[in-house]
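To start, the structure itself, in structure tokens.
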Amino acid sequence: MQKKWWHEKVAYQIYPKSYCDSNGDGIGDLQGIISKLDYLKELGVDIIWLSPIYCSPLADQGYDISDYYNIDPRFGTMEDMEQLIAEAKKRDMYILMDLVVNHCSDEHEWFRKACEDPDGKYGKYFYIEDARDGKLPCNWRSYFGGSVWEKLPGHEDKYYLHLFHKKQPDLNWENPELREEVYTMINWWLDKGLAGFRIDAIINIKKALPWKDYPADREDGLCSVQYMLKDAVGVGDFLGEMRDRTFKLYDAFTAGEVFNEKEEELPDFIGDNGYFSTMFDFREAVCGTSDKGWYDCKIITPDDYRSCVFESQARVEGVGFLSNIIENHDEPRGVSRYIPERDCCDTSKKMLATLNFMVKGLPFLYQGQEIGMENIKFESIDEVDDISTLDEYQVALKAGLSPEEALKAMGRFSRDNARTPFQWSSEANAGFTTGTPWLRVNPNYPEINLAAQRNDPDSVYQYYRKLIALRKDPEYKDVIVYGTLIPLWEDQTNLMAFYRKSENQTLLVIANYQRDPRTVTLEGGFRKLLLSNLPELTSEGCTITLAGYQAVVLEV
Ligand code: GLC
Ligand code: CA
């Protein structure tokens, strides 16, 4: 595996709408982000991914783009964006944008023109079909509920495809003219000095054609898009072409949001000369999810968590680099998901952070993770903004859950959990805005906020800083970035341990993933304690006793 400039970095995702509002309109913006660059530098972040800030009706919070060449005025101007890129550069930081090209917005000019003339140039940018004898071309269910087919405005029996929301018409990648448009746009942004992109929902660009039905998997008579994706062959041709025509020319960094890739294609995706630099590891995120919907998702245990991480690690060993996350803007807060509610505290949060940072791959923080932000408790479904949660709520009701039960299930999985404003301080609205925040601030902000943690050496925030410093420590950098991961004690329950080994160094990471203490024996003891999430470590000869949720990094 070739070494790359970004391997030893630390990345951070910003959800701009909820980060920092500079002008009091309740919406986070680019000037707000610029004002926090020094903070991110202090934390130790190198690469920053911004969720979409292009012009958008915000039906799916910017993942529905109506103009790829402009910044939505709610987030700022093109000058602000250029300033952000320049200010980041001054601090040796890199900016990534979100590349959303499986679909655009139904308010994009291309789609408007397609509606005017479905047989013309722009009609061919989309998938537009006639209903044959009143029957839709296929029975796929959109990711956000209902059929993937929606009536083309202004036409009685024409339909367009949308794998996501009906305000997100799919772009037709089979059309070379459309692909050219996309490549031109990507290069236009790279010319502006972006370091690269996070690439949205990209596996979906290849459809299994011709349209066909799959067996219905719910009472609505529809089927999950997953079945189609299993049949779709040839996404690599599009991805390889995109890489060669764009990213490769700039040595750009790309992180793919890839679900459902085929096992044998992994080296094509993230090997040397892969389609992407890296892709996110979603194995824990999807663990326990159900075809029936969010209401049916299982709680994930410490042993599940461990198996997911180790499976992912084994899968990519010698092939490429994963990007490791605890959460993102589509997931609940990781500390609320992977730690039992009654045990969620600073120590367990730091344990999770240790595991996430010490396995191999690029650590990709999500805003607020560094201060241990938690899920919000919804009082009512009216507080929810996210289209996906609103759909899943209906799915839960239809399945027979009471409104209270459905709300509780949404509370566990809602994407809004991660989208509440960043908790900067204990001032009004957590210091996020002087106006009215677009989404309710988590009421726990007086306890969980950056200002309270910044000068507290024992805070979650300061612990993240230590983890980042360890990753960058010249003495340990090599083994942490490139060392092979070897699992240990996998037959034990609630214990996650592994070695990281390079030619001349071995680290041992041990996490006691439970509230009770436990003792482990290390033959040969250890040479040095590099990091612990608690001030004390009890050790005697070859045995060490870890307190509940204690995690340690040892040199052995
Ligand atoms: C990705 C994004 C998600 C969005 C979807 C459609 O999964 O992360 O937020 O809703 O794609 O663009
Ligand atoms: Ca604002």
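The values are calculated or read from the model by the stated rules, or taken from the named source; none is laboratory data. The shown structure was predicted, so the numbers you read here are calculated from the model rather than taken from an experiment. Positions of Cβ are generated from backbone atoms using ideal geometry, with glycine treated the same way; all protein chains shown enter the neighbour counts.
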Please find, among E87, E107, the residue that is in contact with a helix residue (DSSP H, G or I) (Cβ under 6 Å, 6 or more places away or on another chain) and under 20 Å from I53 (Cα atoms).
E87
Boolean, I53 is within 25 Å of Y183 (Cβ to Cβ), more than 19 Å from the chain's Cα centre (by Cα) and within 16 Å of ligand 2 (Cβ to nearest atom)
no
Pull out all pairs, ordered by first then second residue, where Cβ-Cβ is under 6 Å, the residues are six or more apart or on different chains, the first lies in segment 283-306 and is touching a residue at least 40 places away in the same chain (Cβ under 8 Å) and among the charged types (D, E, K, R), and the second is outside any loop (DSSP other than H, G, I, E, B) and surrounded by 17 or more Cβ atoms within 10 Å (Cβ to Cβ).
E284/Y305; E284/C308; R306/M496
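Could you grab me the full set of residues in segment 352-385 that are basic (K, R) and either under 30 Å from E555 (Cβ atoms) or not in a loop (DSSP other than H, G, I, E, B) (or both)?
Keep residues of segment 352-385 that are basic (K, R), which gives 360, 377.
Answer for segment 352-385, where residues must be basic (K, R) and either under 30 Å from E555 (Cβ atoms) or not in a loop (DSSP other than H, G, I, E, B) (or both): just K360.
Can you name the residue in segment 1-15 that is aliphatic (A, V, I, L, M) and part of a loop (DSSP other than H, G, I, E, B) and is also farthest from ligand 2 (Cβ to nearest atom) among such residues?
M1
May I ask you to list the residues in segment 145-159 that are modelled with pLDDT of 95 or more and either assigned to a loop (DSSP other than H, G, I, E, B) or within 16 Å of ligand 1 (Cβ to nearest atom) (or both)?
G145, G146, V148, E150, L152, P153, G154, H155
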Please pick out the residue among Y275, Y183, Y227, Y214 that is outside any strand (DSSP E or B) and in contact with a Leu (Cβ under 6 Å, 6 or more places away or on another chain).
Y275
Please indicate, with yes or no, whether at least one residue in segment 7-17 is more than 16 Å from ligand 1 (Cβ to nearest atom), acidic (D, E) and either free of Cβ contacts under 8 Å to residues at least 24 places away in the same chain or touching a helix residue (DSSP H, G or I) at 6+ places or on another chain (Cβ under 9 Å) (or both).
yes
Looking at segment 444-556, what strands (runs of 3 or more DSSP E) fall wholly within it and have at least 1 residues that are among the basic types (K, R) and buried (at least 17 other Cβ atoms within 10 Å of the Cβ)?
495-501, 518-521
Note on segment 399-433: residues of a type in the set (D, E, K, R), in a helix (DSSP H, G or I) and out of contact with any Asp or Glu (no Cβ under 6 Å at 6 or more places or on another chain) are E404, E405, K408, R412
In the list S35, S18, which residue meets the criterion of being within 19 Å of the chain's Cα centre (by Cα) and within 16 Å of ligand 2 (Cβ to nearest atom)?
S18
Just one listed residue, out of G361, G318, G368, is under 27 Å from F276 (Cβ atoms), of a type outside the set (S, T, Y), away from ligand 2 (no atom under 16 Å from the Cβ) and at pLDDT below 95, and it is G318
Identify the residue in segment 79-96 that is among the aliphatic types (A, V, I, L, M) and within 16 Å of ligand 2 (Cβ to nearest atom) and, among all such residues, is farthest from K192 (Cα to Cα).
L84
From L40, L58, L99, grab the single residue that is under 19 Å from the mean Cα position of the chain (by Cα), more than 16 Å from ligand 2 (Cβ to nearest atom) and surrounded by fewer than 23 Cβ atoms within 10 Å (Cβ to Cβ).
L40
